[in-house]
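J.: I have a structure here, written as structure tokens, and I will follow up with some questions on it.
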Amino acid sequence: MFGFLAMGFIDMIGLVTNNVRADFGMSDGLVNTISLSCYLWFLLLSIPVGMALTRYGRRKMVLLSLAIHVAALILPYLWYSFAGVLIAFSLIGIGNTILQVALNPLVTDIVSAEKVSSTITFGQATKALGSIVAPFIAMWTAVSLGHWQLLFPIYAALSLVGLVWLWLTPIEESSGQQQAVGFCETLGMLKDSAILSFFIGIVVLVAADVAVNMTLPRLMTDQFGLSTEKANLCNSLYFLARTVAAFAGGALLLKVSDRKFFSAGCWLAMLGLVLLAVFGKLGPVPALTAVCIFGIGYANLFGLVFAMAMRRAPGKENAVSALLIVGLIGGAILPPVLGWIRDISGSQIAAVAAIAVVWVYMLWLDAKIRKAE
């Protein structure tokens, strides 16, 4: 669970880009390239990391990822500039790629097969804790110590704690029993229509999450005149809704089928996006209510897609995990597009509408899963 907490540090990208935009007076289109520098690595490294899991082991790869996080999070504090933040989030993308590929299969070494879905869902809830507290830490360090950038060394210290903790924790891995899968064979798994559908689902899930994370504080600033600090706190409410829903979902998934839970989440998230696009101009309260509805619906979907995909290919969990993590490239694709939409239209509501259009795929995936049963 502490590994999932460190995984969540990447979600502060919304807060960071919003502050960088304000500090350096940058356009949405340019500042959103930070997400490109970060999430591009999920495309480039996920499959090689999946191959490395079989050779070096899941635990060692998670340790490597935490070490990279420590180095990456120190950099922007020592060198606060657009270039420094760009490089730092590139390193965070590398570390997070390794962490996300290795950590989900590591769960299967710790819990029984029937508890994988609920455990990964609990992990996603723990992951969101790092996202919830980031704006509060940034505000406290800005007010009390004069630098919001102190958030970076604080998260670096937490990553170091996780590194030492896992280093001292023995785990009996089953990675040695995993069938070695090469690069082409991993990509070849996309020939399975179910695996392909789950892969695109991950692309859409991550794209929508990162887009909401980055768009929400700007909507609050541009539409309602909130300060940068107060607008950043709105993301905490979004992640709080996700966290509460994920913890509840982790318990409910022990009693409710994955398919029913997935369907409810997809439609509830779509309702939240539609409400945000329609009522986002009415005031902060309607907008935040809509975002919370989206967060509640979204909360359990990532873990459910992961669990369903890994069950599809038993014995190849490392390869499936690597392939799905490639899908996190969605976080690099959609935000720059939304930035350009915002620059051209002059409205964050247009960006929200674009997210809703992309989310239609999740409704199609839900229908496909129900039809398969």
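The values are calculated or read from the model by the stated rules, or taken from the named source; none is laboratory data. This structure is a prediction, so every number in the text was calculated from the model and none was measured. So basically every Cβ, Gly included, is an ideal-geometry build from the backbone, and we count neighbours across all protein chains shown. Note: accessible area is taken over every heavy atom of the protein model, side chains too, but ligands, DNA and RNA are not part of it. Shrake-Rupley method; radii C 1.70, N 1.55, O 1.52, S 1.80 Å.
J.: Do we have LEU15 as within 30 Å of LEU226 (Cβ to Cβ), at pLDDT below 80 and buried (at least 24 other Cβ atoms within 10 Å of the Cβ) here? Quick ask: steps written out before the conclusion?
T.: Details: within 30 Å of LEU226 (Cβ to Cβ): yes; at pLDDT below 80: yes; buried (at least 24 other Cβ atoms within 10 Å of the Cβ): yes.
Criteria met by LEU15.
J.: Give the residue that is nearest to LEU36 (Cα to Cα), with candidates limited to residues of the stretch 362-373 that are open to solvent by 40 Å² or more (accessible area, probe 1.4 Å) and in a helix (DSSP H, G or I).
T.: The first filter runs over the stretch 362-373 and keeps only residues open to solvent by 40 Å² or more (accessible area, probe 1.4 Å), leaving 364, 367-368, 370-373.
From the residues that got through so far, the ones that are in a helix (DSSP H, G or I) too are 364, 367-368, 370-372.
Values: TRP364: 27, ALA367: 31, LYS368: 30, ARG370: 34, LYS371: 35, ALA372: 35 Å.
My answer is TRP364.
J.: Tell me, which residue of the stretch 312-346 that is in a helix (DSSP H, G or I) and among the basic types (Lys, Arg) is most open to solvent (accessible area, probe 1.4 Å)? Talk me through it step by step, then tell me what you get.
T.: From the stretch 312-346, those in a helix (DSSP H, G or I) are 312, 317-345; that's our starting set.
Narrowing the set further to residues that are among the basic types (Lys, Arg) leaves 312, 342.
On the way: ARG312: 131, ARG342: 48 Å².
Checked the stretch 312-346; the qualifying residue most open to solvent (accessible area, probe 1.4 Å) is ARG312.
J.: Just checking, which of ILE87, ILE94, ILE47 is open to solvent by 40 Å² or more (accessible area, probe 1.4 Å), farther than 19 Å from GLY123 by Cα and either modelled with pLDDT under 90 or not small (Gly, Ala, Ser) (or both)?
T.: Values: ILE94 fails: open to solvent by 40 Å² or more (accessible area, probe 1.4 Å); ILE47 fails: open to solvent by 40 Å² or more (accessible area, probe 1.4 Å).
Every option except ILE87 fails the conditions.
J.: When the residues of the stretch 270-300 are narrowed to those that are open to solvent by 10 Å² or more (accessible area, probe 1.4 Å) and among the β-branched types (Val, Ile, Thr), which ends up farthest from ALA128 (Cα to Cα)?
T.: VAL278
J.: Here are some conditions: (1) crowded, with 23+ Cβ neighbours inside 10 Å; (2) at pLDDT 80 or above; (3) closer than 29 Å to THR221 by Cα. GLY303 meets all but one. Which one does it not meet?
T.: (3)
J.: On to the next question. Could you please find all residues in the stretch 337-356 being aliphatic (A, V, I, L, M) and over 20 Å from the mean Cα position of the chain (by Cα)?
T.: Quick first cut of the stretch 337-356, residues aliphatic (A, V, I, L, M) only: 337-338, 341, 344, 349-356.
Of everything in the stretch 337-356, those that are aliphatic (A, V, I, L, M) and over 20 Å from the mean Cα position of the chain (by Cα) turn out to be ILE341, ILE344, ILE349, ALA350, ALA353.
J.: Hey, another quick one. So is ILE137 open to solvent by 30 Å² or more (accessible area, probe 1.4 Å), part of a helix (DSSP H, G or I) and β-branched (Val, Ile, Thr) or not? Explain how you work it out, then say what you get.
T.: Values: open to solvent by 30 Å² or more (accessible area, probe 1.4 Å): yes; part of a helix (DSSP H, G or I): yes; β-branched (Val, Ile, Thr): yes.
Yes.
J.: Out of curiosity, is TRP359 within 22 Å of THR243 (Cβ to Cβ), open to solvent by 40 Å² or more (accessible area, probe 1.4 Å) and within 20 Å of the chain's Cα centre (by Cα)? Even if it seems obvious, please write down each step before you answer.
T.: Values: within 22 Å of THR243 (Cβ to Cβ): yes; open to solvent by 40 Å² or more (accessible area, probe 1.4 Å): no; within 20 Å of the chain's Cα centre (by Cα): yes.
It is false that TRP359 is within 22 Å of THR243 (Cβ to Cβ), open to solvent by 40 Å² or more (accessible area, probe 1.4 Å) and within 20 Å of the chain's Cα centre (by Cα).
J.: Still on this structure: Out of the stretch 245-269, which residues are in a helix (DSSP H, G or I), open to solvent by 30 Å² or more (accessible area, probe 1.4 Å) and either touching a Leu at 6+ places or on another chain (Cβ under 8 Å) or touching a residue at least 12 places away in the same chain (Cβ under 8 Å) (or both)?
T.: Step one: list which residues in the stretch 245-269 are in a helix (DSSP H, G or I), which gives 245-252, 258-269.
Imposing the further condition that a residue be open to solvent by 30 Å² or more (accessible area, probe 1.4 Å) reduces the set to 247-248, 251-252, 259-261, 264, 267-268.
Passing the criteria: PHE247, ALA251, ARG259, PHE261, ALA264, TRP267, LEU268.
J.: Within the bounds of the stretch 283-302, is there any residue that is outside any helix (DSSP H, G or I) and under 17 Å from the mean Cα position of the chain (by Cα)? Before you say what the answer is, go through the steps one by one.
T.: The first filter runs over the stretch 283-302 and keeps only residues outside any helix (DSSP H, G or I), leaving 283, 299-300.
Checking the rest, the ones that are also under 17 Å from the mean Cα position of the chain (by Cα) come to 299-300.
Yes, some residue in the stretch 283-302 is outside any helix (DSSP H, G or I) and under 17 Å from the mean Cα position of the chain (by Cα).
Per-residue answers, yes or no, for (1) open to solvent by less than 10 Å² (accessible area, probe 1.4 Å); (2) within 17 Å of TRP340 (Cα to Cα); (3) out of contact with any Lys or Arg (no Cβ under 8 Å at 6 or more places or on another chain):
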position: PHE198; (1), (2), (3): no, no, no
position: GLY201; (1), (2), (3): yes, no, yes
position: LEU205; (1), (2), (3): yes, no, yes
position: MET214; (1), (2), (3): yes, yes, yes
position: LEU219; (1), (2), (3): yes, yes, yes
position: ASP222; (1), (2), (3): no, yes, yes
position: LYS230; (1), (2), (3): no, no, yes
position: SER236; (1), (2), (3): yes, no, yes
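J.: Does any residue of the stretch 122-130 turn out to be touching a Ser or Thr at 6+ places or on another chain (Cβ under 9 Å), within 29 Å of CYS234 (Cβ to Cβ), among the hydroxyl-bearing types (Ser, Thr, Tyr) and open to solvent by less than 10 Å² (accessible area, probe 1.4 Å)?
T.: No, every residue in the stretch 122-130 fails to be touching a Ser or Thr at 6+ places or on another chain (Cβ under 9 Å), within 29 Å of CYS234 (Cβ to Cβ), among the hydroxyl-bearing types (Ser, Thr, Tyr) and open to solvent by less than 10 Å² (accessible area, probe 1.4 Å).
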